[in-house]
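To start, the structure under review is shown below, and the notes come after it.
The values are calculated or read from the model by the stated rules, or taken from the named source; none is laboratory data. Since this is a predicted model, take the numbers as computed values, not measurements. Here the Cβ is made from the backbone with ideal geometry for all residues, glycine too, and neighbour counts use every protein chain on show. Please note that ligands, DNA and RNA were not included when accessible areas were found on the heavy atoms of the full protein model with its side chains. Shrake-Rupley method; radii C 1.70, N 1.55, O 1.52, S 1.80 Å.
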Amino acid sequence: MNLDNLKFNQDGLIPVITQNYYTGKILMQAYANKEAIEETLKSGYATYFSRSRNALWKKGETSGNYQKIMDIKVDCDEDSIIYLVVEEGPACHTGEESCFYRNLNLEKDFKPVPFEILHKLYEKIQERKETMPEGSYVASLFKKGSDKIIQKVGEEAVEAVIALKNKNKDEIVYETSDLLFHLLIALVDAGVKLSDIEEELLKRYK
C-alpha cells in the first residue's frame, strides 16, 4: 500500500472504520496517522493514533482484545480507510462487540441486520448447544443426536427442491430458510464454522 496516496487532515490523521471481516459488522471508528498504519501493516494487527494520549495505540495492548488485520480498504476520496479485521475480543471498551450498539435514543439495540443474520443465528445455535435450555427446539435436536439433525437437513432439502420445482416464491423463501436454519444446526454439531465455508467459497470466486 502506498501511503502517500492517502489524504491526512491538518493534524496528520485519517479516520479509520473497523469492520468484522466475516460478518461485515462495523465495530468502531478511530483515527490513524501514517506511523500507525505502517505499524498495522508491519505487525498485522490494528494500530491507531490516540488523540487523547497523543500516541500510537495498538488495539488489545491492555485488554487483550486484538484485531487481526485481514485487509485494508481506501475510500474514493482517499481521505478515510477501513480496517477489515478478525476480532480477538470485543471492540468496545464497555465490553460490547461493537461500539455502535445503541439507537438514536441511546437505547441498546442488538437486533441483527440482514448481512449478519447467518452468523448471528450460528452463534445463537451454538449458545443453545452449550446451555441446552428447556423448551428449545434447537436444544431438543441436539439431545436427539447427529443422526436426527442430519435427517432434518435431508428432509428440509427435499422440501426446498419441491418448492423450487413449483416456482412459488413464498414457498421457496420459506423452505430455503428452513433448510439454511437446519444446515446451521448441523454445522454447529459438526464443529464447522461459517468462516470455514466462506473461505472455501472465496476460493471459488473467479
Point to revise | Sole residue being under 19 Å from Lys25 (Cβ atoms) and aliphatic (A, V, I, L, M), chosen from Ile117, Ile162, Ile185, Ile149 | key: Ile117
Check your understanding: Which of (1) more than 20 Å from the chain's Cα centre (by Cα); (2) outside any helix (DSSP H, G or I); (3) surrounded by 14 or more Cβ atoms within 10 Å (Cβ to Cβ) does Asp79 not meet, given it meets every other one?
Key -> (3)
Check your understanding: Restricting the first residue to segment 78-97 and requiring it to be among the aromatic types (Phe, Trp, Tyr), which pairs with a second residue that is open to solvent by 50 Å² or more (accessible area, probe 1.4 Å) and modelled with pLDDT of 95 or more meet a Cβ separation below 9 Å and a spacing of at least six or different chains?
Key -> Tyr83/Ile17; Tyr83/Met70; Tyr83/Asp71; Tyr83/Lys73
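Quick grid of which residues meet (1) over 30 Å from Val16 (Cβ atoms); (2) among the small types (Gly, Ala, Ser); (3) open to solvent by 60 Å² or more (accessible area, probe 1.4 Å); (4) free of Cβ contacts under 8 Å to residues at least 12 places away in the same chain:
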residue: Tyr137; (1), (2), (3), (4): yes, no, yes, yes
residue: Lys144; (1), (2), (3), (4): yes, no, yes, yes
residue: Ala163; (1), (2), (3), (4): yes, yes, no, no
residue: Ile172; (1), (2), (3), (4): yes, no, no, no
residue: Asp196; (1), (2), (3), (4): no, no, yes, yes
Check your understanding: If you go through segment 76-90, how many residues are over 13 Å from Tyr21 (Cα atoms) and in contact with a strand residue (DSSP E or B) (Cβ under 7 Å, 6 or more places away or on another chain)?
Key -> 3
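Of Met28, Met1, which residue is in contact (Cβ under 8 Å) with a residue 60 or more places away in the chain, closer than 30 Å to Asp196 by Cβ and touching a helix residue (DSSP H, G or I) at 6+ places or on another chain (Cβ under 7 Å)?
Working: Met28 fails: touching a helix residue (DSSP H, G or I) at 6+ places or on another chain (Cβ under 7 Å).
The unique qualifying residue is Met1.
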Study note, to complete from the structure: Selection from segment 157-182 of residues of a type in the set (D, E, K, R) and within 21 Å of Lys120 (Cα to Cα) yields Glu175, Asp178
Check your understanding: What do you reckon, is Leu56 under 30 Å from Pro15 (Cα atoms) and in contact with a helix residue (DSSP H, G or I) (Cβ under 6 Å, 6 or more places away or on another chain)?
Key -> yes
Revision key, fill the gap. Checked Thr47, Thr23 against criteria (surrounded by 14 or more Cβ atoms within 10 Å (Cβ to Cβ), closer than 26 Å to Asp196 by Cα and of a type outside the set (A, V, I, L, M, F, W, C)); the one match is Thr23
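Across segment 102-115, what is the total count of residues that are surrounded by 15 or more Cβ atoms within 10 Å (Cβ to Cβ) and either on the phi > 0 side of the Ramachandran plot or at pLDDT 95 or above (or both)?
Keep residues of segment 102-115 that are surrounded by 15 or more Cβ atoms within 10 Å (Cβ to Cβ), which gives 112.
Next cut, either on the phi > 0 side of the Ramachandran plot or at pLDDT 95 or above (or both) only: none.
Of the residues in that region, 0 qualify.
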